[in-house]
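To keep things clear, I will list the structure first and then write my remarks on it.
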Amino acid sequence: MMRKIEAILFDKDGTLMDFQSSWGPWGAAMIARRCGADRQKQVALAEALGIDLAAKRFLPQSAVIAGTPDEVVTLLQPFFPTNSAADITGWLEPDAENFAPVPVPGVMECCAELRAQGLGMAIVTNDFEAAARDHLTQMGLGALFDVVIGYDSGYGGKPAPGPCLGAAERLGVAPEACVMVGDSLHDLEAARRAGMIPVAVLTGVAQASELADHAAVVLDSVADLPAWLFDGNIGG
């Protein structure tokens, strides 16, 4: 596959950020906070969200992993019928005091090298745009990205191609000149539908066997991305 690459688009959770280490403890704490001492409600809510409360980890089948905020609100709403969707949406926006994003090892080096090569850099996430910007800043990555597209940025959510196409438009590059890197089928489907090169990483919860048929390559993590891009596997 020889193609001139001008920009790299990244998913955030599970791609740049260790999903389980970052969101697992937060999810368990959110359930405890909202359910109080009602253990039965805690267990039911954890089951609906796909969280192992004891391990403080999301299960592979959790709809939260690649879901949009609206989809998560839909899961939560039946448990809190007296709260509005806006109330519940607010619960999904963690602040720096109760959420600490954990970067995947090698992320800073990867992003710095891609930036040094003159590639455009964007985030395409199903999280809120403001939250994504906060998380990048917390991880020390904010200055490395030209564009941040969230679920609420006006392009919709993955797996639809709109967010990827929006990022390419803002970067000023053609979709076919972009690589989209992600850890889920949502990411890879969005890339394919946008006409981009889909690259899978194994730092989320999906296995290589689930992703391989949908990606140009499956990498252990984004730390392996520069070598794949610049060592003759793809046009640079």
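A few remarks follow.
- Most positive-pole-ward Cα, Pro60, Leu45, Val124, against dipole of the chain from beta carbon charges: Leu45
- For Met180, the amide hydrogen comes within under 5 Å of the amide hydrogens of Leu9, Ile197, Val199, counting only partners 5 or more places away or on other chains and with H modelled in the peptide plane.
- Peptides 103-114, 74-85 ranked from most to least packed by the mean count of surrounding Cβ atoms within 10 Å: 103-114, 74-85.
- The listed residues His214, His135 rank as His214, His135 when sorted by accessible area, largest first, using a 1.4 Å probe.
- Ordered by solvent-accessible area of protein heavy atoms (1.4 Å probe), largest first, the residues Arg57, Arg39, Arg115 come out as Arg39, Arg57, Arg115.
- When you restrict to C-alpha pairs under 8 Å that are six or more residues apart and normalise by the size of the chain, the relative contact order lands at 26 percent.
- Near Ala206: Cβ cut-off under 10 Å, other residues only, Lys/Arg at +1 and Asp/Glu at -1. The net charge is -3.
- Rg/Rg_ref, segment 1-146, where Rg_ref = 2.2 N^0.38 Å and atoms are Cα: 1.17
- Peptides 44-56, 139-151 ordered by average Cβ neighbours within 10 Å, highest first: 139-151, 44-56
- In a reduced charge model with +1 at each Lys and Arg Cβ and -1 at each Asp and Glu Cβ, the chain shows a dipole moment near 180 debye about its Cα centre.
- Accessible carbon and sulfur surface of segment 105-236 relative to its total accessible area, %, 1.4 Å: 49 percent
- Our summary gives segment 110-208 a relative contact order of 21 percent, counting only alpha carbon pairs under 8 angstrom and 6 or more residues apart.
The values are calculated or read from the model by the stated rules, or taken from the named source; none is laboratory data. Note that the structure is predicted; figures quoted are calculated from it, not measured. Heads up, the Cβs are rebuilt from the backbone with ideal geometry, glycines too, and the neighbour counts pull from every protein chain shown. Each accessible area value is taken on the protein alone, full model and side chains, heavy atoms only, with ligands, DNA and RNA left out. Shrake-Rupley method; radii C 1.70, N 1.55, O 1.52, S 1.80 Å.
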